[in-house]
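Asks: Can you read through this structure? Questions will come right after.
What follows draws every value from the coordinates through simple rules; no lab data is involved. Computed from a predicted structure; not experimentally measured. Counting neighbours? That spans all protein chains shown, and the Cβs are built from the backbone with ideal geometry, glycine included.
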Amino acid sequence: MTVAPHILVVEDDAVISRLVTRYLRANDCRVSAAGDARDVDRMLEDDRVDLIVLDLMLPGEDGLNLCRRLRTYSAVPLIMLTAKGEEVDRIVGLEMGADDYLAKPFNPRELLARIRAVLRRTAATATLPADQRARALTFFGWRLDCALRELWDPQGTRIVLTGAEFDLLQVLCERSGRVLSRDQLLGLTQGRSAGSLERSIDVLISRLRRKIEHDPHEPEYIKTVRSGGYLFTPPVERT
């Protein structure tokens with residue numbers, strides 16, 4: 001028997017919150033609801049959450065700032081709900097650390113599909129047979145622990161990565177020395193899920209560079225290849 005994923009729905013509109021909560025519970029999810037950032041902080045202290053559905057517009061601390069703050073200490077998968085469908089709003093959410101986004105109004109069925117897709121990506125490495133995956137990938141003193149899904153810098157400090165950031169860095173490490181197009185990276189990390197934007201890969205690359213490069217503006221590890229995509233340059237050892 002599989003354990004029902006615990007989804008935290010952060011939405012101050014009571015009607016939408018009840019609709020989403022009811023639908024997810026009817027589809028084998030355990031659901032908690034929060035109306036603002038203070039509720040989120042309290043719930044994360046008291047219980048383990050597998051994924052957060054976060055509305056952009058919240059009273060008090062808004063969704064973008066809450067997302068940015070959560071990403072300083074937590075890699076819990078996060079889907080952001082935006083009131084607008086414009087690409088710029090989606091990109092801002094990704095830059096703040098969201099794993100996916102959905103514009104309002106939305107179909108609860110699509111939200112459930114996106115939740116399942118993000119959770120599958122997060123769990124993908126753990127479900128591979130042990131003899132088919134590296135336990136760790138190392139480069140220039142950095143260590144990417146594939147079993148624990150953690151990144152450690154050369155000084156031994158753990159660097160918090162979102163699920164999407166981890167997946168992308170793992171794909172780059174496993175294909176070090178190869179130029180990968182944005183479309184290839186989307187397929188390898190997100191399975192070309194509906195609504196995926198090639199621009200989202202650029203945002204994730206930018207986030208990774210800020211975390212692992214000495215100078216994100218002059219990257220040494222993740223190179224941009226004009227009209228090609230991206231190249232991960234360090235030699236990588238598998239253990």
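Asks: 222 nm [θ] for the chain, helices only, -39500 (n - 2.57) per DSSP H run of 4+, per residue, to 500?
Replies: Calculated mean residue ellipticity at 222 nm is -12500 deg cm²/dmol.
Asks: Hey, could you pull the Cα Rg and Dmax for the chain, both in Å?
Replies: So, for the chain, Rg and Dmax equal 17.9, 52 Å respectively.
Asks: At a 10 Å Cβ-Cβ cut-off, how would you order L112, L102, fewest neighbours first?
Replies: Fewest-to-most Cβ neighbours within 10 Å comes out as L112, L102.
Asks: Assign unit charges at the C-beta atoms only (+1 for Lys and Arg, -1 for Asp and Glu), then state the dipole size of segment 130-238 relative to its Cα centre in Debye, rounded to the nearest 20.
Replies: Once rounded to the nearest 20, the dipole reads 160 debye.
Asks: Could you give P(r) for segment 130-238, binned at 10 Å from zero, as whole percent values over all Cα-Cα pairs?
Replies: Histogram of Cα-Cα distances, whole percents per bin: 14, 50, 32, 4.
Asks: Continuing with this model, one more query. Applying the Karplus parametrisation 6.51 cos²θ - 1.76 cosθ + 1.60 with θ = phi - 60° to the phi angles of segment 230-239, what ³J(HN,Hα) value in whole Hz is obtained for each residue in order, glycine and proline being reported as x?
Replies: Using θ = phi - 60°, the values come out as 9, 10, 8, 8, x, x, 10, 9, 9, 10 Hz.
Asks: Right, another one. With only Lys, Arg, Asp and Glu charged, each at its Cβ (+1 for the first two, -1 for the last two), find how big the charge dipole of the chain is about the Cα centre; round to the nearest 20 debye.
Replies: For this selection, approximately 680 debye.
Asks: Mind listing the long-range amide H neighbours of L78? Cut-off is under 5 Å, sequence gap 5 or more, other chains count too, H placed in the peptide plane at 1.01 Å from N.
Replies: The list, which skips near neighbours in sequence, is I52, D99, D100.
Asks: Under the √(5λ) rule applied to the eigenvalues of the Cα gyration tensor, what semi-axes describe the equivalent ellipsoid of segment 6-125? Give them in Å, descending.
Replies: Computed over segment 6-125, the values are 18, 17, 16 Å.
Asks: Follow-up. Using only alpha carbon pairs under 8 Å that are at least six residues apart, calculate the relative contact order of segment 130-238 and give it in whole percent.
Replies: Reported as a whole number, the value is 29 percent.
Asks: Okay, next question. Whats the longest run of the chain with zero trypsin sites (Lys or Arg not before Pro) that are DSSP loop and have at most 12 other Cβ atoms within 10 Å?
Replies: 85-134
Asks: Work out from phi, with θ = phi - 60° and the Karplus expression 6.51 cos²θ - 1.76 cosθ + 1.60, the ³J(HN,Hα) of each residue of segment 8-19, listed in order in whole Hz, and give x for Gly and Pro.
Replies: Whole-Hz 3J(HN,Hα) from phi for segment 8-19: 9, 9, 10, 8, 8, 7, 4, 5, 5, 4, 5, 4.
Asks: Under a 10 Å cutoff between Cα atoms, tell me which one of D36, D62, D46 has the largest fluctuation in the Gaussian network model of the chain.
Replies: Evaluated over the chain, the most mobile residue of the options is D46.
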